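For reference, the structure discussed in these notes is given below.
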Amino acid sequence: MTGDSRKTFLGFDFSTQRLKAIVIGEDFSVLHEADVEFDVDLPEFRTAGGVVRGVERGEVIAPPLLWVKALDMVMDRLVVAGVDFSTIEAVSGAGQQHGSVWWSKDAETKLNNLSPDEFLHTQLSTAFVTDSPVWMDSSTTADCKALEEAVGPEELSKITGSRAYERFTGPQIRKMFRKRPRVYQATSRISLVSSFACSLLVGKIAPIDLSDGSGMNLLDIRTMQWDDKCLQACGDESLSTKLGTPVPSATVVGPICKYFVGRYGFKPECRVIAFTGDNCSALAGLRLRSGWVGLSLGTSDTLLLGLQAPAAPPAGHVLVGPTPDAPYMALLCFANGSLTRQNHRDRLAGHSWDAFNDLLTATVRGNMGYMGIYYDTAEIVPRAPAGRWLLDGSGRGAERVAPQFEARALLEGQALARRAHAEDMGFKLDKSSRLIATGGASVNKELLQIFADVFDTPVYVQDQHGNAALLGAAIRAAEVWSVASGTTLPGSELNVSPVATPYPDHDKIYPPMLARYRQIIETIPKLG
Ligand SMILES: Nc1ncnc2c1ncn2[C@@H]1O[C@H](COP(=O)(O)OP(=O)(O)O)[C@@H](O)[C@H]1O
Ligand SMILES: O=C(CO)[C@@H](O)[C@H](O)COP(=O)(O)O
């Protein structure tokens, strides 16, 4: 169908467990979708939940070739779905935040010369110097301490929008510099997962965008430049060259590279827009209004809020925003989200969410006093090692508890944690507030009901798509292309619908449990 006058836009989401792709029309309607689940579709990389646990305690990595191979695979699935790539005007994408990709010295040449006749992964098999540390990695506590000592904890938060966090790219780079200097020296450029993915599309090393770049503990979120003190604390004088110059998220990085033109039939002038972090992209896709809070239920559970000005939070993060209407954003991330729920679903109810939800409905709200904290992986907020704590109504450790009480203890405990730490970070919730849920677990109404009750706030989901990071990637492609090309697109309103409202008695049940959560959390071991 070459010569077709339709204009379409392609978005990708390189998230933790899978690569997703979506094609939308000028009115933002969804035309095609495809995805690749890393554990299932690419078993040769031996990932579990999209990642590999390293030998060192807390180390979590992913092989970048997994993501490269997944891109070829998802493109082939789009072909099968009937996508006409010649109608695509622009492409953008999202990536799991903080993860770093370490390019070899000849990577840029390889990217510049990708042949459409061979798979990407065969041509890029030697383009990476090491596996990629990802956001679940908690092995850099010593580097976080050193960075805070060098810059000052409050000053670091003022400059970069965050105190030092284990998964942030700056401390991860510092660890590489310190422990594997040969890898550091052999690296020509360091990308984030988002800018690495963008590089594959443009056939050159793409710049880091300012929004995802704020998740590194290296960027001054006011001047929008790398901060020299932070760079010095994490690497040597070559670090700023390795990182390149960061760009606004609404940047056209270049035309799509010859590989995609020759292999899939893209037009050579199809533009590639800077990729950004998945949560930044979700914020762009959710179009949060004043008082609305985004609740991303992907592998991690993440709370998101648009801000008009920067801030220096004592906990959580402030990032440069992904779109002009959200110049800054607040983010609070909990590592134990969907994968932890899924592990315990498997243990308590087999492999079915329906069976797990039957357990939830077999118990009452408040769970007869049973409360649980389940960290299958080291938690980010609060910073704590993996562990599990289940208490009965009198505060005693409970063992051999019926599965239905455990199921509710897990979910109520998670929702209480989200609320307590959101309050601590200054997220204001009042009668006009709404939680807008997105991501894999946002299809689960029983789970969203618990969030509605614990937050005393109705929960909505977006009508257009259940994955705002993915939709946001395609919409950003469309909107940036529209400005760059001077073409007006019809676009469309993005609507949300209510799925759960708090029960009238929620305020008798959950405020006392919130106070109990705060007491329990003081007693558990912390990292560092
Ligand atoms: N019905 C459901 N109830 C709860 N969680 C679900 C349900 N369906 C899928 N999920 C969860 O969604 C997660 C994947 O969400 P997704 O947003 O795709 O993650 P990511 O973007 O981090 O790869 C899975 O870990 C799965 O446990
Ligand atoms: O570390 C963070 C945010 O700071 C995570 O939210 C990652 O960005 C992974 O996202 P998901 O795959 O869970 O959506």
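The values are calculated or read from the model by the stated rules, or taken from the named source; none is laboratory data. Note that the structure is predicted; figures quoted are calculated from it, not measured. Methodologically, a virtual Cβ is constructed for each residue, glycine included, from the backbone with ideal geometry; neighbour enumeration extends over all protein chains shown. Ligands, DNA and RNA are stripped out before the accessible areas are found, and what is left, the full protein with its side chains, is counted by its heavy atoms. Shrake-Rupley method; radii C 1.70, N 1.55, O 1.52, S 1.80 Å.
Figures for the structure shown
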| item | result |
| --- | --- |
| Per-peptide average of other Cβ atoms within 10 Å, ordering 465-471, 99-105, 487-493, 399-405 highest first | 465-471, 99-105, 399-405, 487-493 |
| Whole-Å semi-axes of segment 405-455's equivalent ellipsoid (Cα gyration tensor) | 19, 14, 9 |
| Set of aspartates and glutamates with alpha-carbon distance to K445 below 19 Å, sequence-local pairs under 8 removed | D301, D346, D354, D358, E406, E412, D453, D456, D463, D505 |
| Solvent accessible area, Å² - L31, 1.4 Å probe, full protein context | 70 |
| Cut-off 12 Å between beta-carbons: net charge of the residues surrounding D72, Lys and Arg +1, Asp and Glu -1 | 0 |
| Amide proton proximity set for V253, modelled H, under 5 Å, gap of 5+ | V272, I273, A274 |
| Karplus-derived HN-Hα couplings along segment 195-208 (A = 6.51, B = -1.76, C = 1.60, θ = phi - 60°), whole Hz, x at Gly and Pro | 6, 4, 5, 4, 4, 5, 6, 9, x, 6, 6, 7, x, 6 |
| Rg to Rh, two decimals, where segment 1-97 supplies the alpha carbon set and Rh follows Kirkwood | 1.07 |
| With every protein chain in place, segment 339-465: carbon and sulfur % of accessible area (1.4 Å) | 48 |
| Radius 11 Å from Cβ of E37, net charge of other residues (Lys, Arg +1; Asp, Glu -1) | -1 |
| Derived scalar couplings ³J(HN,Hα) [segment 338-345; Karplus, 6.51 cos²θ - 1.76 cosθ + 1.60; whole Hz; x for Gly, Pro] | 5, 5, 5, 4, 5, 4, 7, 4 |
| Calculated on alpha-carbon atoms, Rg and Dmax of the chain in Å | 22.3, 71 |
| Theoretical FRET efficiency, 1/(1+(r/R0)^6), r = Cβ-Cβ of R400 and A312, R0 30 Å, to 0.05 | 0.05 |
| When each of K158/K179; K229/K428; K145/K179 is checked by Cα-Cα distance, pairs over 23 Å | K158/K179; K229/K428 |
| Proximal aspartates and glutamates relative to K110, as straight alpha-carbon distance under 14 Å, when same-chain residues fewer than 8 apart are discounted | E118 |
| Accessible carbon and sulfur surface of segment 207-330 relative to its total accessible area, %, 1.4 Å | 55 |
| Principal axis box of segment 89-215, alpha-carbon based, largest edge first, Å | 52, 37, 21 |
| Accessible area in square angstrom per residue, the chain, 1.4 angstrom probe | 37 |
| Long-range HN-HN contacts of A90 with modeled amide H, under 5 Å | L10, R271 |
| Computed accessible area, D106, all protein chains, 1.4 angstrom probe, square angstrom | 70 |
| Long-range amide H partners of S300 with built H, under 5 Å | S338 |
